[in-house]
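Just below is one structure, and these are the notes that go with it.
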Amino acid sequence: MVKIMIIEDDLVIASSLQEELTKWQYDAFHVTDFNGVMDTFTHEAPQLVLIDIKLPYFNGYYWCTEIRKISQVPIIFISSQSEQMDIVMAIQMGADDFISKPFDLTVALAKIQALLRRTYDFTGNDAYLSYQKVYLKISELKIHYQDQEVELTKNEMKILEVLFLQKGAFVSREAIMMKLWENDSFIDDNTLAVNINRLRKKLAELNLTSFIVTKKGYGYGLQKDDDFIESN
């Protein structure tokens, strides 16, 4: 089930959004600890974020920037601050769309569904990512290829989610470690290497031994379209 995180200080609006999204079979929840937004984000791993600009402690621009350090998850701002500069700021901080308050729930739902369609593929209401006929089943913690699939740990899923969302571009080791552990300052680079090696062994079970590519001195990516050759 697609998980949607609502970061909204107005409880009435947050509850209304959660109720409407739940009716449409989305796993929607709203943040209650506004000082620990990133803790909630990394723990819940939502597929979409709805966020207001005005929030306790830090504003929505700040949290959007923090999320973008570790994830390309789609983000929609929902705010009464809807002057042109507010919208421009939101987009510059990494938002994908902007909904102005007051808003119609039907219109908000349509924008949410459109952004989800642009970002993910779906089977029913479950989101998955695809790349070169390899399918990452996010809610099931599985990767599927040619009628075979293997189960993944949460860390393995997070690594692949980062790489899939980048569509073959290389991602730095630091960005991946931030996705896994929030802060890379106290993480030995060997820890990430161990996770990557374990993941490669699982991919080998699907005859995808070269699916994850290393860029020496930088990080990791997925095979480019022209280089995509499965193992025999």
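To the nearest 0.05, what FRET efficiency results for residue 59 and residue 24 with a Förster distance of 30 Å applied to their C-beta separation? Taking R0 as 30 Å, the efficiency between residue 59 and residue 24 is 0.55. Looking at the square roots a ≥ b ≥ c of the eigenvalues of the Cα gyration tensor of region 128-227, which shape do they give, rounded for a/c under 1.5, prolate if a/b is larger than b/c, or oblate? Because a/c hits 1.5 or more and a/b exceeds b/c, region 128-227 counts as prolate. Here residue 151 and residue 213 are evaluated by their C-beta separation; at R0 = 22 Å the FRET efficiency comes out at 0.45.
Sorted on the mean count of surrounding Cβ atoms within 10 Å across their residues, most packed first, peptides 73-85, 211-223 read 73-85, 211-223.
Axis of helix 11-23 versus longest Cα principal axis of the chain: the two differ by about 50°, to the nearest ten degrees.
Modelled spin-label separation between residue 10 and residue 32, with each label point placed 7 Å from Cα along the Cα-to-Cβ direction: 2.2 nm. Listed cross-link partners 23/69; 3/216; 111/215; 133/202 are compared with a 27 Å cut-off, the Cα-Cα value being larger for 23/69; 3/216; 111/215. Over the chain, dividing the summed -39,500 (n - 2.57) contributions of all DSSP H runs of at least 4 residues by the number of residues returns a 222 nm mean residue ellipticity of -12500 deg cm²/dmol. Each residue, residue 204 and residue 119, gets one label point 7 Å from its Cα in the Cβ direction; the gap between the two is 3.4 nm. One decimal place: the segment residue 39-residue 103 gains 20.2 nm when fully extended, by the rule 0.36 nm per residue minus the C-alpha distance.
Note on residue 1 and residue 69: with the Förster distance fixed at 22 Å, the Cβ-Cβ geometry gives a FRET efficiency of about 0.25.
Since every read-out is calculated from the coordinates, none of them should be taken as a lab result. No experiment lies behind these values; they were computed from the predicted model shown. All Cβ positions, glycine included, derive from the backbone under ideal geometry; neighbour counts span all protein chains shown.
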